[in-house]
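Engineer: My structure is below; once you've seen it, I'll send some questions.
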Amino acid sequence: MPTRAAAPAAGVVSDIEQQAARLHVNVRQEMEYREPSRNLFRFSAGASAFGASARPSARVRAAAPATLLPEPVAIRLSGVASEKVGELEQRTAILSTPGGVVLAHEGDDVAGHFKVGEIGEDTVDLIRLEDGIVLRLEAR
(Lines give C-alpha, C1' and ligand atoms only; values in the text may rest on other atoms or scores of the structure.)
Protein backbone atom coordinates (compact mmCIF):
# COMPACT_ATOMS: atom_id res chain seq x y z
CA MET A 1 0.00 0.00 0.00
CA PRO A 2 2.71 2.57 0.61
CA THR A 3 3.71 2.40 -3.06
CA ARG A 4 0.20 3.33 -4.26
CA ALA A 5 0.04 6.47 -2.07
CA ALA A 6 3.40 7.71 -3.35
CA ALA A 7 2.40 7.50 -7.03
CA PRO A 8 -0.52 10.05 -6.94
CA ALA A 9 1.52 12.47 -4.84
CA ALA A 10 4.27 12.49 -7.45
CA GLY A 11 1.67 13.18 -10.16
CA VAL A 12 0.29 16.14 -8.18
CA VAL A 13 3.76 17.58 -7.62
CA SER A 14 4.58 17.37 -11.30
CA ASP A 15 1.25 19.05 -12.16
CA ILE A 16 1.99 21.84 -9.68
CA GLU A 17 5.45 22.27 -11.13
CA GLN A 18 3.96 22.51 -14.63
CA GLN A 19 1.45 25.16 -13.53
CA ALA A 20 4.16 27.15 -11.73
CA ALA A 21 6.38 27.07 -14.81
CA ARG A 22 3.46 28.18 -17.01
CA LEU A 23 2.60 31.08 -14.69
CA HIS A 24 6.21 32.14 -14.32
CA VAL A 25 6.40 32.75 -18.05
CA ASN A 26 3.45 35.22 -17.86
CA VAL A 27 4.96 37.34 -15.05
CA ARG A 28 5.72 40.84 -16.32
CA GLN A 29 8.94 42.57 -15.51
CA GLU A 30 8.39 45.31 -12.93
CA MET A 31 7.99 48.70 -14.57
CA GLU A 32 9.62 51.92 -13.43
CA TYR A 33 7.53 54.27 -11.27
CA ARG A 34 5.61 56.99 -13.14
CA GLU A 35 3.69 59.94 -11.73
CA PRO A 36 -0.05 59.37 -12.14
CA SER A 37 -1.70 61.37 -14.89
CA ARG A 38 -4.31 62.75 -12.44
CA ASN A 39 -4.57 63.53 -8.74
CA LEU A 40 -7.62 61.91 -7.17
CA PHE A 41 -7.51 64.33 -4.25
CA ARG A 42 -7.58 67.57 -6.26
CA PHE A 43 -10.48 68.86 -8.30
CA SER A 44 -9.90 70.98 -11.34
CA ALA A 45 -12.05 72.68 -13.93
CA GLY A 46 -11.26 70.07 -16.54
CA ALA A 47 -13.41 69.08 -19.46
CA SER A 48 -16.87 67.85 -18.57
CA ALA A 49 -17.84 64.31 -19.45
CA PHE A 50 -21.22 65.63 -20.62
CA GLY A 51 -19.91 68.24 -22.98
CA ALA A 52 -20.76 71.93 -23.24
CA SER A 53 -24.45 71.39 -24.00
CA ALA A 54 -25.11 69.81 -20.59
CA ARG A 55 -23.86 72.84 -18.64
CA PRO A 56 -26.59 75.09 -17.26
CA SER A 57 -26.89 78.51 -18.80
CA ALA A 58 -26.15 81.70 -16.87
CA ARG A 59 -29.89 82.37 -16.45
CA VAL A 60 -30.43 78.94 -14.86
CA ARG A 61 -27.48 79.43 -12.49
CA ALA A 62 -28.85 82.77 -11.33
CA ALA A 63 -32.25 81.23 -10.55
CA ALA A 64 -30.84 78.30 -8.56
CA PRO A 65 -30.47 80.07 -5.16
CA ALA A 66 -34.16 81.07 -5.20
CA THR A 67 -35.22 77.40 -5.33
CA LEU A 68 -33.23 76.31 -2.27
CA LEU A 69 -35.27 75.00 0.62
CA PRO A 70 -34.85 76.60 4.06
CA GLU A 71 -32.60 74.86 6.55
CA PRO A 72 -34.41 72.50 8.90
CA VAL A 73 -34.82 73.88 12.40
CA ALA A 74 -32.80 72.00 15.00
CA ILE A 75 -35.02 73.22 17.86
CA ARG A 76 -37.66 70.92 19.35
CA LEU A 77 -40.37 71.65 21.91
CA SER A 78 -39.90 69.19 24.75
CA GLY A 79 -42.75 70.54 26.85
CA VAL A 80 -44.50 73.52 28.40
CA ALA A 81 -44.47 74.36 32.10
CA SER A 82 -47.01 76.72 33.63
CA GLU A 83 -47.25 78.41 37.00
CA LYS A 84 -49.61 80.94 38.59
CA VAL A 85 -48.05 84.32 39.27
CA GLY A 86 -50.71 86.23 41.19
CA GLU A 87 -53.83 86.05 39.02
CA LEU A 88 -51.92 85.33 35.78
CA GLU A 89 -50.71 82.02 34.42
CA GLN A 90 -47.12 82.25 33.16
CA ARG A 91 -45.92 79.61 30.69
CA THR A 92 -42.37 78.50 30.05
CA ALA A 93 -41.37 76.65 26.87
CA ILE A 94 -38.86 73.86 27.38
CA LEU A 95 -36.84 73.75 24.16
CA SER A 96 -34.15 71.29 23.06
CA THR A 97 -31.50 73.03 20.97
CA PRO A 98 -28.09 71.90 19.67
CA GLY A 99 -26.59 73.96 22.52
CA GLY A 100 -28.67 72.23 25.20
CA VAL A 101 -32.01 72.71 26.95
CA VAL A 102 -33.46 76.24 27.00
CA LEU A 103 -36.24 77.47 29.30
CA ALA A 104 -37.84 80.37 27.42
CA HIS A 105 -40.64 82.85 28.17
CA GLU A 106 -42.54 85.03 25.68
CA GLY A 107 -40.17 87.59 24.15
CA ASP A 108 -36.94 85.67 24.91
CA ASP A 109 -34.30 85.09 22.24
CA VAL A 110 -33.53 81.48 21.37
CA ALA A 111 -30.25 80.36 19.77
CA GLY A 112 -29.67 83.88 18.42
CA HIS A 113 -32.05 83.27 15.50
CA PHE A 114 -35.54 83.20 17.02
CA LYS A 115 -37.74 85.16 19.39
CA VAL A 116 -40.40 83.34 21.42
CA GLY A 117 -43.92 84.41 20.49
CA GLU A 118 -47.06 82.95 22.00
CA ILE A 119 -46.75 79.87 24.22
CA GLY A 120 -49.81 77.60 24.21
CA GLU A 121 -50.61 74.49 26.25
CA ASP A 122 -48.54 72.25 23.97
CA THR A 123 -47.27 74.66 21.30
CA VAL A 124 -44.85 77.56 20.99
CA ASP A 125 -44.48 80.11 18.21
CA LEU A 126 -40.91 81.04 17.28
CA ILE A 127 -40.41 84.17 15.20
CA ARG A 128 -37.33 84.10 12.99
CA LEU A 129 -35.39 87.32 13.58
CA GLU A 130 -34.05 87.72 10.04
CA ASP A 131 -37.37 87.69 8.18
CA GLY A 132 -40.20 87.53 10.76
CA ILE A 133 -41.52 84.13 9.66
CA VAL A 134 -43.45 82.38 12.44
CA LEU A 135 -42.59 78.75 13.10
CA ARG A 136 -44.99 76.77 15.30
CA LEU A 137 -43.50 73.91 17.30
CA GLU A 138 -45.70 71.24 18.88
CA ALA A 139 -44.79 69.03 21.84
CA ARG A 140 -44.56 65.35 21.05
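Engineer: I need the full set of residues from segment 83-105 which are within 14 Å of G120 (Cα to Cα) and surrounded by 11 or more Cβ atoms within 10 Å (Cβ to Cβ), in order please.
Structural biologist: Across segment 83-105, the qualifying residues are Q90, R91, T92, A93, I94, L95, A104, H105.
Engineer: Test V110 against the stated conditions and say whether it is closer than 15 Å to V73 by Cα and modelled with pLDDT of 90 or more.
Structural biologist: no
Engineer: Would you tally the residues in segment 66-90 being modelled with pLDDT of 75 or more and either farther than 16 Å from R136 by Cα or not in a strand (DSSP E or B) (or both)?
Structural biologist: 12
The values are calculated or read from the model by the stated rules, or taken from the named source; none is laboratory data. The model shown is predicted, which means the values in this text are computed figures rather than measured ones. Every residue, glycine among them, receives a Cβ derived from its backbone with ideal geometry; neighbour counts consider all protein chains shown.
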